[in-house]
Amino acid sequence: MCGIFGYLGHQQALPILVEGLRRLEYRGYDSTGVAVEHDGRIETHKTVGKVADLKAILPPTVEGTLGIAHTRWATHGGVTQVNTHPHASENDRVHLVHNGIIENFQQLRKGLAARGIACISETDSEVIAQMIALELEKAATPLEAVQSTLRRLRGTWGLCILLKDHDMLICARNGSPLIIGQGDGETFVSSDPHPLTAHTQRVVYLEDGDVAVIHRDSFSITSMKGHSVEPSITVLEDAWGEAELGDAPHYMYKEIYEQPDALRQCISGRVDRDMGTGRLGGMGLDHSALVQAPHVRLLGCGTAAYAAEIGQMLIEKMGRIPAVAHISSEFRNNDTVINPKAIYLAVSQSGETADTISAVKEIKLKGGQVFGVVNVVGSTIARLCGQGVYIHSGPEQSVASTKAFTNMVAALTIFATQLGRTRHLSKDDGRELIAQLQQAPHLMETYFEDVGPIAEAVDLLCGANSVLFLGRGLSATVAKEGALKLMELAYIPCLAYPAGEMKHGPIALLEEGSPVVVIAPNDHLKEKTMSALHEVKARGAKVILIHEKGDAIASEGDVSIAVPAIHPWLTPLLTVVPLQLMAYETALRLGRDVDRPRNLAKSVTVE
Ligand code: F6R
C-alpha cells in the first residue's frame, strides 16, 4: 500500500511529484506529503487527506529540482499530520518516504530513546530516518549509512531517501516495489510503473535487498552488503487503455464499461477456434506437462480469489483433474503440501499483493512451478513467476476491481480449455465454448444497452441493514464477488452463501423486506436455486433476481435484471456486471467515495 514518487533532474520537482502522487493515489489516500530540496534547505508540506487536499495547502511555487513524495495508507499510527510522510530525522539531515512495515521498530525506537532521540510520530518509518542520521555521523558515505541501517531492520520496505547537502536520492527495496525511471538528465522513482510512463519508458525494477544511489543522469545499485548489482533495464510497453478519467464520472464507472474491450484484449490471439482450445504461449507449458499434471492449485486474495474459485470449477469441469483455489494469506501460513508436478496459478491484478507473493515464494521454495495470472506488466508476481498469462485489462484505477475480475475469469477459462483439450474435452465442446467466449464482449455490450432496473434494486439495497447474496455452482462465487463489491463500496454488511447452504443458518437473518440477491442463470442448477428463492420469499424477503434474458423466472423477482444468454460455464462474465453496477449506484446514492472507499487501498503490499 502507499505510493512513493521521487524526482531528481533539471525541472522543478514539485509539479512532477504532485502529478506522480495523483497517479498513485489509489494505493492509499489517508494522508499525503512532499519534501523538496533547494540550496541545502528541505521544504516539507503534508496533510491528512487526499492529493487534492495537499494541492490546496501548497504554496504557488516551491523551488527545487530534487524531491520525494508519498501518499499513505496507515499501518503504524493513526491518520494524523505528524504521522504523514515524509519523515525527517531530528537533526533535519535525513528525510524519507517508506512503504512496508518495520517489524522490530519498537525495539529500535527504544534504542534511539536511550541515545536521547525521541521520535515525534507513531510510525515505524520515522525510526529509519533517525537511524540513518546517526549512522551518517560515522559512515564514510551516505550509501554506507543507509546500508548499515537497513541491515538492522526486520520487515519490508520500499524507501526513497533525501539527504541534506547531498545531490542524490537513495532508494532501497525489500518486499515493497520500487522502480527507477531513467530520463534525459533526470531520474524518477516510483512504487508503480504507470506514473513513470508519462516521463520515460526505460525503467529498472529494484529487487529485494537492492540499494540504489540516484543522480540526475545515472544511478548505481548495490546489495545491502555492498556488492555491486548489474541493473537490468526494462522498456515499458505502451500501456494499453486510457489511464485517465476522461468524461467518465468515476474510474469504477469507466472500468465497468470498459469490460467488453478489455475482454477482447484478453481473448484475442489466445484461442484456436478450429481446434476448440486455448493457446496461452506465455505459460510455456508443453503438452506433456498439461497431460501429466496431477492437480491445479490457484491462489489469490479478495476479488482475485473469487476469480481463482471460478477457475477451479472450470478446470475441474473441463480438465477433469482436481483443482483447489486458496486464499493466499491462508495458504502461505498453513505449511501446505507442494507437489512439484502440479500446476500452481497465482492470480492478481496488481501483481504486488504481499500475501500472494509470499505464497508464490513458498511454492517455489518447495519445488513447485507457479504461473502468474496478472494484470500489471513487470509487477513483482509477474517477475517472480517468470511465466504465465497477462490478463490485459489495461490500467485499473478504481480500488474496487471490476474489469480485472472478468479478465481473470476469461484467462482462466482459456487455460481450462487448453488443459481440457489435452484430456477429456471434446473438439466440438471446445469449439462451442471458444465461440461463445468470443461472443462474450458483444453480449456484455448488449447488456449495457439495457442494464435493467438497477435503480429499483438500489432502492431496496440503500436502506438495508444487511444483504444476502445467493447462487449455486459458478454463481455461488459470483454471489461472493457481488457481496464484496457492495460491502466495500456502500459499507453495508453483506453475506454470500451457496443457495443450498442458506437454510443451514443465514435464513435466520431474514425478516420482512430484507433484500436478497439471487443469481440464477439458465444452468443445470437453476431449479435448485429457485427453491432457495421461494424459501426466502416465504419469509418476506425482497428478491433482486439476476436471470437470463427471456427466462420465465423473471416474474419471481421483486426486481428482476436480465443478462444475455451464454454458455452455462461462461455465465459469471455476464451475471457479475449488474452486481458491479448495483454496488456502484448504491454507493453513489449513499454519498460514498466510490473510487476511494474508506480504509482500503488498491495494492495490498503488506501482510
Ligand atoms: C476488491 C479488491 C480486492 C483485491 C485484492 C487482491 O474489489 O479489489 O479484494 O481483489 O486486494 O488484489 P490483487 O488482485 O491486486 O492481488
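The values are calculated or read from the model by the stated rules, or taken from the named source; none is laboratory data. What you are looking at is a predicted structure, and each value in this text was computed from that prediction instead of being measured. No Cβ is skipped: glycine too gets one built from the backbone with ideal geometry, and neighbour counts run over all protein chains shown. Ligands, DNA and RNA are stripped out before the accessible areas are found, and what is left, the full protein with its side chains, is counted by its heavy atoms. Shrake-Rupley method; radii C 1.70, N 1.55, O 1.52, S 1.80 Å.
All of Ile546, Ile553, Ile566 fail the test of being in a strand (DSSP E or B) and outside the structural domain of Gly175 (by TED's automatic domain parsing), apart from Ile546. For the stretch 358-375, residues that are open to solvent by 10 Å² or more (accessible area, probe 1.4 Å), more than 15 Å from Gly282 (Cα to Cα) and within 14 Å of the ligand (Cβ to nearest atom) total 1.
Conditions tested, residue by residue: (1) within 16 Å of the ligand (Cβ to nearest atom); (2) outside the structural domain of Leu489 (by TED's automatic domain parsing); (3) open to solvent by 10 Å² or more (accessible area, probe 1.4 Å); (4) among the aromatic types (Phe, Trp, Tyr).
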site	(1), (2), (3), (4)
Val377	yes, yes, yes, no
Ala410	yes, yes, no, no
Leu425	no, yes, yes, no
His442	no, yes, yes, no
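Let's see how each residue does on (1) open to solvent by less than 60 Å² (accessible area, probe 1.4 Å); (2) within 16 Å of the ligand (Cβ to nearest atom); (3) among the β-branched types (Val, Ile, Thr):
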{"site": "Ile546", "(1), (2), (3)": "yes, no, yes"}
{"site": "Ile553", "(1), (2), (3)": "yes, no, yes"}
{"site": "Ile561", "(1), (2), (3)": "yes, no, yes"}
{"site": "Arg598", "(1), (2), (3)": "no, yes, no"}
{"site": "Lys602", "(1), (2), (3)": "yes, yes, no"}
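Restrict the check to the stretch 339-346 and report whether at least one residue is buried (at least 19 other Cβ atoms within 10 Å of the Cβ), within 16 Å of the ligand (Cβ to nearest atom), over 16 Å from Ile381 (Cα atoms) and in contact (Cβ under 8 Å) with a residue 24 or more places away in the chain. No, that holds for no residue. Residue selection: Pro498 satisfies the criterion of being open to solvent by 20 Å² or more (accessible area, probe 1.4 Å) and at pLDDT 95 or above. Residues in the stretch 580-607 that are aliphatic (A, V, I, L, M), assigned to a loop (DSSP other than H, G, I, E, B) and modelled with pLDDT of 95 or more: 1 in all. Selection of helices (runs of 4 or more DSSP H) fully inside the stretch 239-358 by the criterion of at least 2 residues being modelled with pLDDT of 95 or more and touching a Phe, Trp or Tyr at 6+ places or on another chain (Cβ under 6 Å) returns 302-319.
Of note, Asp30 satisfies the criterion of being closer than 17 Å to Pro86 by Cβ and either acidic (Asp, Glu) or under 24 Å from the mean Cα position of the chain (by Cα) (or both). Within the stretch 77-100, the set of residues being under 27 Å from the mean Cα position of the chain (by Cα) and open to solvent by less than 40 Å² (accessible area, probe 1.4 Å) comprises Gly77, Gly78, Asn83, Thr84, His85, Pro86, His87, Leu96, Val97, His98, Asn99, Gly100.
Yes/no matrix, rows are residues, columns are (1) over 18 Å from Gly388 (Cα atoms); (2) within 21 Å of the chain's Cα centre (by Cα):
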residue	(1), (2)
Leu245	yes, yes
Pro249	yes, no
Glu258	yes, yes
Leu263	no, yes
Cys266	no, yes
Arg279	no, no
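Summed over the stretch 313-333, the residues that are surrounded by fewer than 23 Cβ atoms within 10 Å (Cβ to Cβ), under 25 Å from Arg423 (Cα atoms) and within 16 Å of the ligand (Cβ to nearest atom) give a count of 1.
Restricting attention to the stretch 583-592, the residues that are away from the ligand (no atom under 14 Å from the Cβ) and open to solvent by less than 60 Å² (accessible area, probe 1.4 Å) add up to 2. Among Val577, Val518, which is within 17 Å of Leu461 (Cα to Cα), within 16 Å of the ligand (Cβ to nearest atom), outside any loop (DSSP other than H, G, I, E, B) and in contact with a Ser or Thr (Cβ under 9 Å, 6 or more places away or on another chain)? Only one candidate passes the filter, namely Val577.
Looking at Gly386 and the list (1) free of Cβ contacts under 8 Å to residues at least 40 places away in the same chain; (2) within 11 Å of the ligand (Cβ to nearest atom), which single condition is not satisfied? For Gly386, the failing item is (2). Remark: Ser401 falls outside the filter, which requires a residue to be under 30 Å from Tyr257 (Cβ atoms), at pLDDT below 95 and within 11 Å of the ligand (Cβ to nearest atom).
The strands (runs of 3 or more DSSP E) located wholly in the stretch 157-199 that include 2 or more residues which are more than 17 Å from Asp210 (Cβ to Cβ) and either acidic (Asp, Glu) or open to solvent by less than 10 Å² (accessible area, probe 1.4 Å) (or both) occupy 157-163. Filtering Ile170, Ile221, Ile161 for residues that are without any contact (Cβ under 8 Å) to a residue 40 or more places away in the chain and aliphatic (A, V, I, L, M) leaves a single hit, Ile221. Residue count for the stretch 391-407, restricted to those that are over 17 Å from Glu244 (Cβ atoms) and assigned to a helix (DSSP H, G or I): 4. Given the condition under 29 Å from Thr402 (Cβ atoms), polar (S, T, N, Q), more than 16 Å from the ligand (Cβ to nearest atom) and touching a strand residue (DSSP E or B) at 6+ places or on another chain (Cβ under 9 Å), answer yes or no: does some residue in the stretch 274-287 qualify? So far as the stretch 274-287 goes, yes, one or more of its residues are under 29 Å from Thr402 (Cβ atoms), polar (S, T, N, Q), more than 16 Å from the ligand (Cβ to nearest atom) and touching a strand residue (DSSP E or B) at 6+ places or on another chain (Cβ under 9 Å). With respect to Thr417, is the statement that it is among the hydroxyl-bearing types (Ser, Thr, Tyr) and more than 20 Å from Ile546 (Cα to Cα) true? Spelling it out, Thr417 is indeed among the hydroxyl-bearing types (Ser, Thr, Tyr) and more than 20 Å from Ile546 (Cα to Cα).
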